[in-house]
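Below is one structure; the comments refer to it alone.
The values are calculated or read from the model by the stated rules, or taken from the named source; none is laboratory data. Please read all numbers here as calculations on a predicted model, not as lab measurements. All Cβ positions, even for glycine, are placed from backbone atoms using ideal geometry, and neighbour counts span all protein chains on display.
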């Protein structure tokens, strides 16, 4: 298994390669700025600023065809580690989630880069959670099922006009708003769950009993 430092370096390299591939294969269509970001419409633990606009140099990566289809299952209940084993710098970005008196941090870098790592179908204190992150738009969303149920069954379904698509129960939804693609689709079956987009240092100091998801399991390919 790669060391955490080697993993981060490989992930940064994967991010650069992914940007080049998207820029050359998904050209055409309207700029993603027209789609906008919708962070303020979802609940969270504390207010956060809107993500930065898409850099002009990356605009072609967001000028995608109407639909780019690819199915990648979510990572199901991956292992986590206690803070002492995480070895994270204070400034490392994390998605912090709480449920049932327990706390968990998901390292943003671990949900970035390869297409197979953007979704975690998890359980925290008996609460089914789906943690998602679109690195194209720097957009995090967390969804929850009913307490006591199995982990959500949500997969990554490619892109729609540069926006990440979630698939579940045979239907497709936009990750950023939970809106259905197609008039026949049922409403998204999981509700929005509060989260914090913050730094590891801030999260750990507020929740010293947290555990941490630091990297994909070794059986999950991070490329492609």
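If you go through the range 148-158 one residue at a time, do you hit one that is part of a strand (DSSP E or B) and either surrounded by fewer than 22 Cβ atoms within 10 Å (Cβ to Cβ) or over 16 Å from the mean Cα position of the chain (by Cα) (or both)?
Scanning the range 148-158, I find at least one residue that is part of a strand (DSSP E or B) and either surrounded by fewer than 22 Cβ atoms within 10 Å (Cβ to Cβ) or over 16 Å from the mean Cα position of the chain (by Cα) (or both), so the answer is yes.
If you scan the range 175-215, which residues turn out to be surrounded by fewer than 19 Cβ atoms within 10 Å (Cβ to Cβ), under 17 Å from the mean Cα position of the chain (by Cα), at pLDDT 95 or above and not in a strand (DSSP E or B)?
Passing the criteria: only 194.
Could you grab me the full set of residues in the range 72-84 that are surrounded by fewer than 13 Cβ atoms within 10 Å (Cβ to Cβ) and in contact (Cβ under 8 Å) with a residue 12 or more places away in the chain?
79, 82
Among the residues of the range 172-196, count how many are touching a helix residue (DSSP H, G or I) at 6+ places or on another chain (Cβ under 8 Å) and farther than 20 Å from residue 73 by Cα.
Going through the range 172-196 one residue at a time, the tally reaches 1.
Could you list, in sequence order, the residues of the range 133-144 that are in contact with a helix residue (DSSP H, G or I) (Cβ under 8 Å, 6 or more places away or on another chain) and part of a strand (DSSP E or B)?
133, 139, 140, listed by residue number.
Test each condition in (1) over 26 Å from residue 93 (Cα atoms); (2) within 13 Å of the chain's Cα centre (by Cα) for residue 170 and report the one that comes out false.
Of the numbered conditions (1) over 26 Å from residue 93 (Cα atoms); (2) within 13 Å of the chain's Cα centre (by Cα), the odd one out for residue 170 is (2).
Please go through the range 97-128 and pick out each residue that is surrounded by 24 or more Cβ atoms within 10 Å (Cβ to Cβ), in a strand (DSSP E or B) and under 12 Å from the mean Cα position of the chain (by Cα).
106, 119, 120, 121
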